[in-house]
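Here is the structure we will look at, set down as structure tokens.
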Amino acid sequence: MTVSARSWLERIRALNLPERIRILNVCGGHERAITQAGLRTALPNQVELIPGPGCPVCVCPEEDVYEAMRLALDEDVLLVAFGDMLRVPVNVAKGEPRCLEQARAAGGDIRPIASPLEAVAIAQRHPRRQVVFFAAGFETTSAPVAAMMAAGVPGNLSILLSGRRTWPAVAMLLDSGEARFDALIAPGHVATVMGPEEWSFVVDRHAMPAAIAGFNPESLLAATYSVLRQSMEGRPFLDNCYPELVRPGGNPTARRQLDRVFRVIDANWRGIGEITASGYGLSPDRAASDARLRFPAPPVSRRRAGEMPPGCDCAGVVLGRIYPNECALYGRACTPRKPIGPCMVSDEGACRIWWAAGLREPHEHCARKQA
Amino acid sequence: MCLGIPMQVREVDGFMARCEAKGVERQVSLFLLQEETVLPDDYVMVHVGYAIQKMTETDARSAWELYDQMLAASPPEPEGA
């Protein structure tokens, strides 16, 4: 830990803290940095750091993953998707492919990509094939996808869009009256793209302390110190602890492209349900590039469509209601090698992050000191 | 997919740039930085192949150090029970 990080820790330890304060983060990058740096162990007992809705792969609708598999297997399309999506399981009858990786083994032409630029390049290399880009992600990914479309895409490339907006999920939690946190650490790169102002509602509407953090221990501890001070003094405000990248108004080009290419829609989050204004759909003038319209899905009746797998409590993890190792499957039936829920699949998933950091014991009563 | 990687710009060609991080080179889109002037030797934060913001060399180096620690701490392939 650096001198600066130690200094923040000392300042936090010097505070006369309340009995318990729960701080939610909504970014897989934050959760990874917190867990790998061992910040939970280093912080005083009263401070709980809770991973929340920070994984776009985890909340991607089950129906969308199923549709991507259908396109690859039944429509003879070349399907490209971010690598994280390939092992996300869907609910199908025994013996059928249950993720994109298995659909590929069953003959589907499915290729992992790391950038929208690769989707365009693949479509250009295969002009006689229909190429579908299954694009799931939060604002940091949706803005590049919008840029890809604004720059122009080949006619044989269409998009299966599962873009999600981060703040409406936090707004839903706070509006529900069942939020199990007292302060928020807001995501640094989402705020880099969208501007810090999006998070003002946490303070303005809910009088809750909030701070935007970057991805090193210093920035995360500075944000932790900020929300603790705000809470103790009863003066919440939105602090920016990542000024290196987060500027007022965010990235204006990115926001303009998102506005032009997409429209904001009510959207489904896996295991959670529909959240108002929480998703991106293609704008009407982009309908020609919409894979959902180009390849209309036949009506299908499936058991547990849209749900998390049986026994999986990824929804509780995503909503910050339980810690990963409080799920009955964690470390028993569900591990990165044989994941059952999406939170164990994605690099952004809290279960995967905790497992990778060496936390192997399932269902510990006091989880917070172990990660 | 959400991990941002700081990269140094080596060469700019319209909206595309050849960028480098720790010896690895990639083609990066500057489409989202149209309102900024991006020149060789500048540092940018890159998400899924697109630069989303300019940054300082100090901040880029500090992030690289952190990623080195993270990579050392976490194995690249899924590991089993």
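Side notes on the structure shown:
- Of the whole protein surface, A:T166 contributes about 0 Å² of accessible area at a 1.4 Å probe radius.
- Apportionment of accessible area to carbon and sulfur, the protein assembly as shown, percent (1.4 Å): 49 percent
- For q = 0.29 Å⁻¹, Debye-computed log10 I/I(0) when each Cα of segment B:5-73 counts as one equal scatterer: -1.38
- Mean shadow area of the protein assembly as shown, taken as a quarter of the surface of its Cα convex hull (nm²): 20.3 nm²
- With at most 12 neighbouring Cβ atoms within 10 Å, loop GluC sites (Glu not before Pro) (DSSP) excluded, longest segment of chain A: A:179-371
- J(HN,Hα) series, segment A:157-172, from Karplus relation 6.51 cos²θ - 1.76 cosθ + 1.60, nearest Hz, glycine and proline x: 9, 10, 10, 9, 8, 10, x, 10, 9, 7, 4, x, 5, 5, 4, 4
- Rg/Rh ratio calculated on Cα atoms of segment A:314-356 (Kirkwood radius): 0.90
- Evaluating 6.51 cos²θ - 1.76 cosθ + 1.60 at θ = phi - 60° for every residue in segment A:306-312, the Karplus couplings come out as x, 8, 6, x, x, x, 7 Hz, glycine and proline recorded as x.
- Among A:D109, A:D285, A:D239, residue whose mean-square fluctuation peaks in a GNM of chain A (springs only between Cα atoms under 10 Å): A:D285
- Local net charge near A:V246, Cβ-Cβ under 14 Å (Lys/Arg +1, Asp/Glu -1): -3
- Fluctuation leader among A:L359, A:L161, A:L293 - chain A, Gaussian network, Cα springs under 10 angstrom: A:L293
- Sequentially through segment A:194-202, phi angles give Karplus couplings (6.51, -1.76, 1.60; θ = phi - 60°) of 9, x, x, 4, 4, 8, 4, 4, 4 Hz, Gly and Pro residues having no value and appearing as x.
- Across segment A:1-143, Cα-Cα pairs more than 21 Å apart make up 57 percent of the total.
- Heavy-atom accessible area per residue - segment A:314-356, 1.4 Å, Å²: 27 Å²
- Ratio of Rg to Rh over segment A:175-257 (Cα coordinates, Kirkwood Rh, two decimals): 0.99
The values are calculated or read from the model by the stated rules, or taken from the named source; none is laboratory data. All figures in this text were calculated on a predicted structure; none of them were measured in a lab. As a convention, Cβ positions derive from the backbone with ideal geometry for all residues, glycine included, and neighbour counts pool all protein chains shown. In case anyone asks, the SASA skips ligands and DNA or RNA and just uses the protein heavy atoms, side chains included. Shrake-Rupley method; radii C 1.70, N 1.55, O 1.52, S 1.80 Å.
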